[in-house]
Amino acid sequence: CVRVGPRAYSAGPMSRDGWLMLPPIVQTERRIEEPLLAAMVSLVTWYTCADAACLTASGEKAGPDTAAHNTLPFGTAIDVDGYGRFRVTDRGGRLGPSQFDLFIGSRDEAIRRGVSERVVTVTIGGR
């Protein structure tokens, strides 16, 4: 089983010390299925960039599916409740451990969306 932090948001089985227990990767005839890594309530903020090139820390150009997180590997897929699917391709200097910064093209829209708490589901492998 995979152990996921005690702040995980799930109805799955819990260990005695408060960790969510998830099944291991399952082999199928076609491909290896990705297990759920974590679903948690996280602080979500928005950012934009003044630079026309707007390159992320991974070297990719920021786009509508760009997310920043300080510790998750580049390419990790996240689903943000109410906002859709993003990929971690950037880092954020002031982000907390359970905070995600999502890219949006306009400064006004970033300000309008502000800060919110959302359920964020993180999956292994970035698909």
Practice problem: Would you be able to say whether some residue in segment 45-63 is under 20 Å from S116 (Cα atoms) and within 10 Å of the chain's Cα centre (by Cα)? | Solution: no
Quiz prompt | Test: D51 is surrounded by fewer than 18 Cβ atoms within 10 Å (Cβ to Cβ) and acidic (D, E) | solution = yes
Practice problem: Within segment 94-112, work out how many residues are open to solvent by 40 Å² or more (accessible area, probe 1.4 Å) and not in a loop (DSSP other than H, G, I, E, B). | Solution: 5
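The values are calculated or read from the model by the stated rules, or taken from the named source; none is laboratory data. All values reported here derive from a predicted model rather than from experimental measurement. Every residue, glycine as well, gets a Cβ built from its backbone with ideal geometry; the counts of neighbours run over all protein chains shown. Surface areas here come from the heavy atoms of the whole protein model, side chains and all, with no ligands, DNA or RNA. Shrake-Rupley method; radii C 1.70, N 1.55, O 1.52, S 1.80 Å.
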